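Student: Take this structure, written in structure tokens, and hold onto it; I'll ask about it next.
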Amino acid sequence: MAQSVASTAAKASYLQNTPTPVMIPVFTAPAKKDAKLANNWKTKKVDQLSDAEILAMSDDDYMNAAQMAFFRRKLVLLKEDMLANAGQTTENLREDTVVVPDPADRATIEEEHALELRTRDRERKLLKKIQQSINRIDAGDYGYCDETGEPIGVGRLLARPTATLSLEAQQRRELKQKMFGD
């Protein structure tokens, strides 16, 4: 019993001297809609619209033709950029196949190659999601949650154009995975 008292006293004295950690909120406040930008989409071409202008659109205009075209363009550009990066990776790996006599240098080069290949593998998986999102746009299903059918939200789609679940549905899914595993 004396040990628990001593350890409790030690903990109390230690906790008094340690600074309290700063808590960073997990969720940020939703971006505010700029009323000045709300109707810009009616006068501009889709390729001239900005994220702020899409976000400023009213909720009644959710997933109208302009938003669908905006997100389709965004996804296509992302896909093209990833494919260009993949081609560059292939060339980099071919050029960097120089025989290095030093084992430490060779290990560093191999680790860099492994990291680059892991990154490209993640991008390959993301390419599938991008193509699925483009197909959803073509089918008219884009922007709505797979589980609930509710709107995903423009802000979430701007942050993650391949999202298929609303924020609440995604949180529920992650909680289930955390509790029950995959």
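Every number in this text was worked out from the coordinates using simple rules, so none of it is lab data. Since the model is a prediction, treat every value here as computed from it, not as a measurement. Reconstructed Cβ throughout: ideal geometry from the backbone, glycine too, with neighbour counts over all protein chains shown.
Student: With an 8 Å Cα cut-off and a minimum separation of 6 or more residues, compute the relative contact order for the stretch 118-182 in percent.
Tutor: Details: 43 pairs, mean separation 16.2, N = 65.
With pairs under 8 Å counted, the relative contact order is 25 percent.
Student: Take the cross-link list 125/178; 45/125; 74/178; 74/176 and give me the ones stretching past 28 Å between alpha-carbons.
Tutor: 45/125; 74/178; 74/176
Student: How large is log10 I(q)/I(0) at q = 0.10, 0.16, 0.17 Å⁻¹ when the Debye formula is applied to the Cα atoms of the stretch 69-182, each weighted equally and without solvent?
Tutor: Log10 of I(q)/I(0), two decimals: -0.46, -0.84, -0.89.
Student: In nm, to one decimal, how far is the residue 110 label point from the residue 179 one, both placed 7 Å along Cα→Cβ?
Tutor: Between residue 110 and residue 179, the simple spin-label model gives 4.5 nm.
Student: How high is the relative contact order of the stretch 55-145? Use alpha-carbon pairs under 8 Å, at least six apart in sequence, and give a whole percent. Each step should come with its number before you reach the end.
Tutor: Details: 22 pairs, mean separation 45.8, N = 91.
Computed over the stretch 55-145, the figure is 50 percent.
Student: If you don't mind, another one. Please list, ordered by chain and number, the residues whose modelled amide H lies under 5 Å from the amide H of residue 144; skip anything fewer than 5 residues away on the same chain.
Tutor: Correct list: 152.
Student: Tell me, in nm to one decimal, what length is gained between residue 168 and residue 85 on full extension, where the rule is 0.36 nm per residue of separation less the Cα-Cα distance?
Tutor: 26.5 nm
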